[in-house]
Amino acid sequence: MDKMIDAFSEKAKRYLKSVDSRKVFPAPEDVEKMKFLDMPLQDHPVEPLEVINELDKFGSPATVASTGSRYFGFVIGGASPAPLAANLLAGVWDQNAGIEAASPVSSFIETVCRKWLTDILKLPPETEAGFVTGATMANFAGLAAARHALLKKAGWDVENDGLFNAPPIQVIVGEEVHVSVLKALSMLGLGRNKVTKVPADAQGRMTVNLIPEYSEPTLICVQAGNVNTGSFDPISEICEMASSSDAWVHADGAFGLWAAVSPRYAHLCEGIHKADSWATDAHKWLNVPYDSGIVFVRDKEHLISSMSTDAAYLISGAKREPFHYVPELSRRARGVEIWAALRSLGKKGLASLIESNCDNALLFAKKLSAAGYRILNDVVLNQVLVSFGDPETTKRVIRRVQEDGTCWCGGTEWQGKTAMRISVSSWRTTENDVEESSDAIIRIADEENGKSG
């Protein structure tokens, strides 16, 4: 075991040292070499060290350098040092975090994280939290709590009696609702196509005066951080409107909710504390390793009722039982790296991380605009949309930038426009990274537009 740990340590150090000097996307020949991992499964055991050597030899070169400083796709944050090390330590601990009796340390750390998170995100202090895989399951758990609360008020026990003959729930979402919310609604039996979609404005925000009249029971899903533009729905206004009718407001804040920790950007989250449930990702702007999401519900009884289970062998103690707040029973101790990230950064360090990423997004927009390319959104957070001309030209630029390897940016179709989407989410990213990446993007875009030379 000691030899394997030593070997792993050397491989990990080598990988992390090289991550910013290699191409962001793996070379085709390195992807091709993964075929050597696809061999017939042998009859007899193989030495663990040999297994790790094979993974490193054929797997490491084929990875995307998303933990590096010039990855700007899909709002993926790179794991920072403290949570990365905590993740490795938790792996050594090998804890089942679902039950307090199976892991007192995991349960206790989740309790601490709940307290810290509700404080820095400015949520009501009584808010409960569940630690899940990501925003999809965070949305699922929050919306399950909403379904329970709304149907209970209507006299229906959905956990025991299901949805057959249950009172219908009207679900209202913005036109640019994220797919994770729609997936969660579909898994909960509320239907993707049954929602009422409210038209969005030019930045993707729900238009409040176009929200239709509704009656109980009603669920309204708002967005804190549009995945394309970074814009926020007018959440405070929507929550005020909902409070007069007892509608449940769920806030999807996969990355945008973290704006609340920054004095400069907290205004975007104004009124979000008035919602009933919230979903976010820790593996985005908190920069912890995958997978890590968090659901928050103001009234913990609704979360417990929708998520908890029971069996004779699941003997609950007097302390907090983690499995009462999430869909999973057996799961890894993902609260450990969240604790480490928060402890490492502190409130000011986390605010600085958020603000640095937003500054770098503005720098991207400034450089690309100065080069003559159109920025399609108001850069209010860490998202930049840029067009390089007609749709086909923009697509070619995106493809060539990805192949070039200096940085990696994704593409999107937004409000009828084809665009490159730049998401700045990593603690590693510096102004120099933005300068280098912008220069590469502009060089390629100029070539595609016949401006070079």
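With unit charges on the beta carbon (Lys/Arg positive, Asp/Glu negative), name the residue among Val249, Ala135, Gly389 whose Cα is farthest towards the positive pole of the charge dipole of the chain.
So the residue furthest toward the plus end is Gly389.
Of the listed peptides 284-296, 359-371, what is their order by residue-averaged count of other C-beta atoms within 10 Å, with the highest listed first?
Numbers: 284-296: 25.6, 359-371: 18.5.
Order by mean packing, descending: 284-296, 359-371.
Taking the Cα centre of the chain as origin, sum charge times position over the Cβ atoms of Lys and Arg (+1) and Asp and Glu (-1), and report the length of that vector in debye to the nearest 20.
Numbers: 47 positive and 58 negative charges, 127 e Å.
Around 620 debye, computed over the chain.
For region 60-119 and region 338-364, what is the separation of their C-alpha centers, rounded to whole Å?
So the separation of the two Cα centres works out to 16 Å.
Using a Förster radius of 25 Å, what is the FRET efficiency between Phe74 and Ser344 based on their Cβ-Cβ separation? Nearest 0.05, please.
About 0.55, to the nearest 0.05.
Using a Cα-Cα cut-off of under 12 Å, which aspartates and glutamates could be cross-linked to Lys23, ignoring same-chain neighbours fewer than 8 residues away?
Leaving aside aspartates and glutamates fewer than 8 places away in the same chain, those within reach of Lys23 are Glu403, Asp404.
For a test of the definition: using alpha carbon positions, the gyration tensor, and the 1.5 limit on a/c, classify region 2-68 as rounded, prolate or oblate.
oblate
Classify region 85-341 as rounded, prolate or oblate, taking a ≥ b ≥ c as the square roots of the eigenvalues of its Cα gyration tensor: rounded when a/c is under 1.5, otherwise prolate if a/b is larger than b/c and oblate if not. Write down the numbers at each step before the final one.
Numbers: a/c = 2.01, a/b = 1.28, b/c = 1.56.
Cα axes put region 85-341 in the oblate bin.
Listing His267, His273 from the residue with the fewest other Cβ atoms within 10 Å to the one with the most, what is the order?
Starting with the residue having the fewest Cβ neighbours, the order is His267, His273.
Could you order peptides 97-109, 7-19 by the average number of other Cβ atoms within 10 Å of their residues, highest first? Kindly include the intermediate steps, with their values, before the conclusion.
On the way: 97-109: 19.6, 7-19: 13.5.
Result, highest mean Cβ count within 10 Å first: 97-109, 7-19.
Which whole-angstrom value gives the distance between the alpha carbon centres of region 419-453 and region 170-202?
34
Charges only on Cβ, +1 for Lys and Arg, -1 for Asp and Glu: so what's the dipole of region 85-341 about the Cα centre, in debye to the nearest 20?
Its charge dipole is roughly 380 debye.
Among Leu84, Ala102, Leu37, pick out the residue whose Cα is farthest towards the positive end of the charge dipole of region 1-127, where Lys and Arg carry +1 and Asp and Glu carry -1 on C-beta, about the Cα centre.
So the residue we want is Leu84.
Taking the highest mean first, how do the peptides 73-86, 180-193 order by number of other beta carbon atoms within 10 angstrom per residue?
Details: 73-86: 21.1, 180-193: 17.9.
In descending order of packing, they fall as 73-86, 180-193.
Figure the gain on full extension for Asp161 and Asp359 (residue separation times 0.36 nm, minus the Cα-Cα span) and round it to one decimal in nm.
66.2 nm
For a test of the definition: using alpha carbon positions, the gyration tensor, and the 1.5 limit on a/c, classify region 143-201 as rounded, prolate or oblate.
Here region 143-201 falls in the prolate category.
What distance in nm separates the simple spin-label points at Ile120 and Lys3, each placed 7 Å from Cα in the Cβ direction?
For Ile120 paired with Lys3, the spin-label model returns 4.2 nm.
Since every read-out is calculated from the coordinates, none of them should be taken as a lab result. For clarity, every value in this text was computed on a predicted model and none was experimentally measured. Here the Cβ is made from the backbone with ideal geometry for all residues, glycine too, and neighbour counts use every protein chain on show.
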